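Enquirer: Take this structure first; my questions come after.
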Amino acid sequence: MTASAPAAAVLPVQRSDDLKTALRGDVLTFRGNPFLQPVDDCISFERDALVVMEEGRIVARGAARELLPTLEAGVEVAHYPDHLILPGFIDCHVHYPQTEMIAAFGEQLIDWLNRYTFVAEQGFADPEHAREVVKVFLAEQLRNGVTSSCVFGTVHAGAVDALFEEAACLDLRIMAGKVCMDRHAPEALLDTPLRAYEESRALIERWHGRGRAEYVITPRFAPTSSHGQLEMLGALAAEFPDVLIQSHVSENLDEVAWVAQLFPACQDYTRVYERYGLLRPRAIYGHGIHLSEDELAAFHASGASLAHCPTSNFFLGSGCLNARRVCRAERPVKLGLGTDIGAGTSFSMLQTMNEAYKAAQFHGQPLTAAQAFYLATRGGAEALGIAQRVGSVEVGMEADLAVLDLRSTPLLDYRMRYVRDLDETLFVQMMLGDDRAIAATYVAGKAAHAR
Ligand SMILES: [Zn+2]
């Protein structure tokens, strides 16, 4: 182990075998935040490196010519010339049950929820249906190099069990929760304050900290939870101070106006969550497009995070997040990227970076390639409070990796001839790359996808 091994306690990774293996190629990872520090201080790029993995962790990383002679005979080395070895991508906000209704035409948030989402989610009362969708969902994530995600289920506890069970079979670091809502949705999708509390609590006891699973307390968003339910979920959050919380905030202007009507005593949307004890470190909120400066300051002060979901924001016409404003050095808010399937239109984090760049362009504050790749890896890990475990290619980290083929399509192959440096390489990949660019995905040191 080297000095870069994280000091914090880590959950045990359960593995069926403990074979040592290695990947060889160019390695890119982040050691700092390129929104706050000069890029050269936070990016780590090493040509022809070796990443050695054992028992689900990275046990060595360095120049291939130095490390290769130290490997025991028989250690398998997968060589990826002309590829980039990255931390596995982190999807900070995604709804697995919406996989079946991705790309549903023509509505904005509230109508889209009523017309498509709330119809599809009723099918998840059947755990077998849930399991079928989970399998498609996880396979898509792995095809796209996503190795950790923070996932919404439906109101049904069994649909969350199905996700945790399948993720455990793959040894994925997964964070997920049962959606809680007791109003403003079809009867079949409503729980009550007490049921939301009891079912969430039982799921915490069943899954939180088991293998690589973590539970997430999940009120859908303020309009679908009564005061009583938000109070119960705040009490649950207080009982389990290390458990993640996820929801939505300030996605769409009609939604913001509706929240103001429903919670007249609260100064703004953010203060609704704050009032119930749901704004704290490891609480992550999707979108936040229309947050005021004052609300962003509240996010910063509380340690809560935002998930930027640009493909979804464009799809539903919600607006464009100004990521650089969110991350501003005077009061930085922790930010990750989310696909927000099924309002989001792609499982690809490269395509999500592409759209994040375009959203920022509307504000005249374009994201750099380094900032975008940071958000999709270490930034997401920081936003979810898992950066001591995943999100970097360093000794001691869990061995979750994505291998990017830099010439995955005829156009990329051609375009790469004219690329001058690393920065341009990364930018071209995030604009033109998609699932085809993911040559392989490694989960806890094991190949989980190979193209
Ligand atoms: Zn969402």
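Enquirer: Would you please give the residues with an amide H less than 5 Å from that of residue 334, counting only those at least 5 places away or on a separate chain, with H modeled from the backbone geometry?
Expert: 306
Enquirer: Can you tally the lysine pairs in the chain where the Cα-Cα distance is under 26 Å and the two residues are eight or more apart, or on different chains? Write out the running numbers ahead of the final one.
Expert: Details: 20/446; 135/178; 135/446; 178/334; 334/358.
Count of close lysine pairs: 5.
Enquirer: I need two numbers for the stretch 242-379: Rg to one decimal and Dmax as a whole number, Cα atoms only, in Å.
Expert: Cα only, the stretch 242-379: 14.1, 42 Å (Rg, Dmax).
Enquirer: Moving to a separate point now. Convert each backbone phi in the stretch 101-110 into a coupling constant with the Karplus relation 6.51 cos²θ - 1.76 cosθ + 1.60 (shift: θ = phi - 60°), then list the ³J(HN,Hα) values in order as whole Hz, x for Gly and Pro.
Expert: Whole-Hz 3J(HN,Hα) from phi for the stretch 101-110: 10, 4, 6, 9, 5, x, 10, 9, 2, 5.
Enquirer: Moving to a separate point now. With a 1.4 Å probe and all protein chains kept in place, how do 302, 149 rank by accessible area, largest first?
Expert: Values: 302 25, 149 0 Å².
The ordering from most to least exposed comes out as 302, 149.
Enquirer: With contacts defined as alpha carbon pairs under 8 Å and 6 or more residues apart, what's the relative contact order of the chain in percent? Before the final figure, lay out the partial values.
Expert: Working: 1038 pairs, mean separation 92.4, N = 451.
The normalised contact order for the chain reaches 20 percent.
Enquirer: Let me ask something else. Check each of the trypsin sites (Lys or Arg not before Pro) in the stretch 176-270 and keep only those in coil by DSSP with at most 16 other C-beta atoms within 10 angstrom; list them in order.
Expert: Numbers: sites: 178, 183, 195, 201, 206, 210, 212, 220; in loops: 178, 183, 210, 212, 220.
Qualifying residues, ordered by number: 183, 210.
Enquirer: Using bins 5 angstrom wide from zero, how does P(r) for the stretch 121-225 break down, in % of all Cα pairs?
Expert: Going from the shortest bin to the longest, the percentages are 2, 14, 24, 24, 19, 11, 5, 1.
Enquirer: From largest to smallest, what semi-axes in whole angstrom does the stretch 297-451 give when each is the square root of 5 times an eigenvalue of its alpha carbon gyration tensor?
Expert: Numbers: eigenvalues 124, 84, 45 Å².
So the three semi-axes of the stretch 297-451 are 25, 21, 15 Å.
Enquirer: What angle do you read, to the nearest 10 degrees and between 0 and 90, between the alpha-carbon axis of helix 253-262 and the longest principal axis of the chain?
Expert: With both axes taken from Cα atoms, the answer is about 50 degrees.
Enquirer: Next question. Quote the FRET efficiency, to the nearest 0.05, computed for residue 409 versus residue 76 with a Förster distance R0 of 25 Å and r equal to the Cβ-Cβ distance. Walk me through the intermediate numbers first.
Expert: Values: r = 29 Å, r/R0 = 1.15.
Computed FRET efficiency for residue 409 and residue 76 comes out at 0.30.
Enquirer: Starting from the alpha-carbon convex hull of the stretch 158-313, give the projected area averaged over all orientations, in nm². Each step should come with its number before you reach the end.
Expert: Details: hull surface 37.0 nm².
With the hull built on Cα positions only, its mean projection is 9.2 nm².
Enquirer: May I ask you to give the average projected area over all directions of the convex hull of the Cα atoms of the chain, in nm² rounded to one decimal? Each step should come with its number before you reach the end.
Expert: Numbers: hull surface 80.8 nm².
Average of the hull's projected areas for the chain equals 20.2 nm².
Enquirer: Could you derive backbone 3J(HN,Hα) for the stretch 231-247 from the dihedral phi with the Karplus parameters 6.51, -1.76 and 1.60 (θ = phi - 60°), listing whole Hz in sequence and x where the residue is Gly or Pro?
Expert: Ordered by residue, 3J(HN,Hα) equals 4, 5, 6, x, 5, 4, 4, 5, 5, 10, x, 9, 7, 5, 10, 9, 6 Hz.
Enquirer: Given 196, 215, 169, which one lies farthest toward the positive end of the charge dipole of the stretch 152-217, if we put +1 on the Cβ of every Lys and Arg and -1 on the Cβ of every Asp and Glu?
Expert: 215
Enquirer: Between residue 174 and residues 5 or more places away or on another chain, which pairs have amide H atoms under 5 Å apart, with H built 1.01 Å from N, and which residues are they?
Expert: Counting only residues 5 or more places away or on other chains, the set is 213, 214.
Enquirer: Moving to a separate point now. When the solvent-accessible surface of protein heavy atoms is calculated with a 1.4 angstrom probe, in what order do 274, 214, 330 fall, highest first? If you can, show how the numbers build up before the last one.
Expert: Numbers: 274 85, 214 10, 330 135 Å².
Heavy-atom accessible area, descending, gives 330, 274, 214.
Enquirer: I'd like the distance separating the alpha-carbon centroids of the stretch 353-392 and the stretch 280-343, in whole Å.
Expert: Cα centroid to Cα centroid, the span is 11 Å.
Enquirer: Once the Cα atoms of helix 293-302 and of the chain are each reduced to a long axis, what angle between those two axes, in degrees from 0 to 90 to the nearest 10, is obtained?
Expert: 70 degrees
Enquirer: For the stretch 26-104, what is the convex hull (Cα atoms) projected area averaged across all directions, in square nanometres? Could you put the intermediate results ahead of the total?
Expert: Details: hull surface 35.9 nm².
Computed as one quarter of the Cα hull surface, the answer is 9.0 nm².
Enquirer: Another one. With every protein chain present, what is the per residue accessible area of the chain (1.4 Å probe, Å²)?
Expert: On the way: 16350 Å² over 451 residues.
Roughly 36 Å² per residue, with all protein chains present.
Enquirer: Separate question: Give the separation of the Cα centroids, the stretch 173-245 to the stretch 419-439, in Å.
Expert: So the two Cα centres are separated by 38 Å.
Enquirer: May I pose another question? For the stretch 233-281, what is the relative contact order in percent, using Cα pairs closer than 8 Å and at least 6 residues apart in sequence?
Expert: On the way: 24 pairs, mean separation 21.8, N = 49.
Dividing the mean separation by the residue count of the stretch 233-281 yields 44 percent.
Enquirer: Per residue of the stretch 28-37, what does 6.51 cos²θ - 1.76 cosθ + 1.60 with θ = phi - 60° give for ³J(HN,Hα)? Whole Hz please, x for Gly and Pro, Karplus curve as stated.
Expert: The phi angles translate into 10, 8, 10, 10, x, 10, x, 7, 10, 10 Hz.
Enquirer: So, one more: Could you check what % of the DSSP bridge pairs in the chain are antiparallel, to the nearest 5? Could the numbers behind the result be given before it?
Expert: Numbers: 29 of 64 bridges.
Bridges in the chain are about 45 percent antiparallel.
The values are calculated or read from the model by the stated rules, or taken from the named source; none is laboratory data. The model shown is predicted, which means the values in this text are computed figures rather than measured ones. Here Cβ is always computed from backbone atoms with ideal geometry, including for glycine, and neighbour counts include all displayed protein chains. When the accessible area is computed, the model is the full protein with side chains, heavy atoms only, and any ligands, DNA or RNA have been set aside. Shrake-Rupley method; radii C 1.70, N 1.55, O 1.52, S 1.80 Å.
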